[in-house]
Amino acid sequence: MQRKHWLIATIVAILVLATIGIQWNARNETPHTPIIAITQIATHPALDEVRAGLIARLEEAGYTDANTRFIFRNANGDASLTSAIAQEFARLNPAVVVPISTPSALAIAREVRNAPVVFSGVTDPIGVGLLSSLDEPGGNITGVSDRWPFEDQVRRFLQYFPAVRKIGMIYTRGDDVSEIGVQAIRRLSDEIGFELELRPVSSASEFYPSASALFREVDAIYTGIDHLVLENMEGLVRASKEAGKPLFGGESGSVEKGAVLAVSINMTDFGRLTGDVVLRVLNGESPGSIPVATVTNGQLTVNRVSAAEFGLDLEKLELDGALYVDSP
């Protein structure tokens, strides 16, 4: 009987000690590993540069794979996937969500209400209905906006190609972001004095034939601010080479793929600025109280091979501050 009592007492003691241990561990366990969830609408050099700059900035501040869980989802150009990605992120209880591009940001804003959101690469947050104020975003969202230097772009195009009188522009039908660029170039065509020929498309298969037909009517094509266009640059570059007419880019990724030149924001620095805002949120600031940062400066970027093909003076371009890239 005494042995039985001893056994029971031992078991009770073990359970008590185990309970104390669990409670002690609960009080002294390491903090929960923060989740930083990042998404973008498609694979594209400019968007990839934003993400790289963002992660580099966070790593400098001490957020690394060793102590942070980074989750990345790519919609691969399919806007219908943005909602599913946003719903997945909402279930994760992340420390912060970073959508790169307007379509991704809109989906995240609709679905993620339980976590801070810092968008990046949204050109017109108010115009697309993401926010009502840049100075006081409110709620759980803020971010970094890129205002493309449209006027500087067009004036540079015409400076180096003075014979251009008629510019064509291919854009995605029904795309709000693309419409921003279309309206900007339409206004500039009246102010600066060039003809603008617009050509809407709806699918990737339309780009090459549309560009080929459009090049027969215009002196040059401008790619504009359109994610579907940027994903299908190969078709536009091919049509440009066949027509022997220049393709003007809207950002550095287009130039890397063969557009002759662009005036574009440094997207790596843009990503680092996004990282600065994310760090403020991670340090406890409410995103709704952080004004949206806006970047408008542009860097002249030139494709060395394409520029040489069109007889541009490479030395003069370099004196003008051009940053050269080479086609793959």
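Yes/no per residue for (1) assigned to a loop (DSSP other than H, G, I, E, B); (2) within 22 Å of residue 295 (Cα to Cα):
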position: 113; (1), (2): yes, no
position: 132; (1), (2): yes, yes
position: 144; (1), (2): no, yes
position: 148; (1), (2): yes, yes
When the residues of region 68-106 are filtered to those that are among the aliphatic types (A, V, I, L, M) and touching a residue at least 40 places away in the same chain (Cβ under 8 Å), which remaining residue is farthest from residue 282 (Cα to Cα)? 85
Using the structure shown, decide if residue 261 is among the aliphatic types (A, V, I, L, M), within 27 Å of residue 135 (Cβ to Cβ), more than 18 Å from the chain's Cα centre (by Cα) and crowded, with 16+ Cβ neighbours inside 10 Å. no
Within the set of pairs 6 or more residues apart or between chains, which connect a residue that is under 22 Å from residue 207 (Cα atoms) inside region 143-171 to a residue that is polar (S, T, N, Q) with Cβ atoms less than 6 Å apart? 170/210; 171/178
Residue 167 versus (1) at pLDDT below 95; (2) over 20 Å from the mean Cα position of the chain (by Cα): which is the lone unmet condition? (1)
Condition test on residue 216, is it basic (Lys, Arg) and under 27 Å from residue 174 (Cβ atoms)? yes
Exactly one of 247, 230 is buried (at least 23 other Cβ atoms within 10 Å of the Cβ) and modelled with pLDDT of 95 or more, and that one is 247
Does at least one position in region 2-12 carry a residue that is modelled with pLDDT of 80 or more and more than 30 Å from residue 263 (Cβ to Cβ)? no
Answer yes or no: is there a residue in region 87-110 that is outside any strand (DSSP E or B) and aromatic (Phe, Trp, Tyr). yes
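The values are calculated or read from the model by the stated rules, or taken from the named source; none is laboratory data. Please read all numbers here as calculations on a predicted model, not as lab measurements. Every residue, glycine among them, receives a Cβ derived from its backbone with ideal geometry; neighbour counts consider all protein chains shown.
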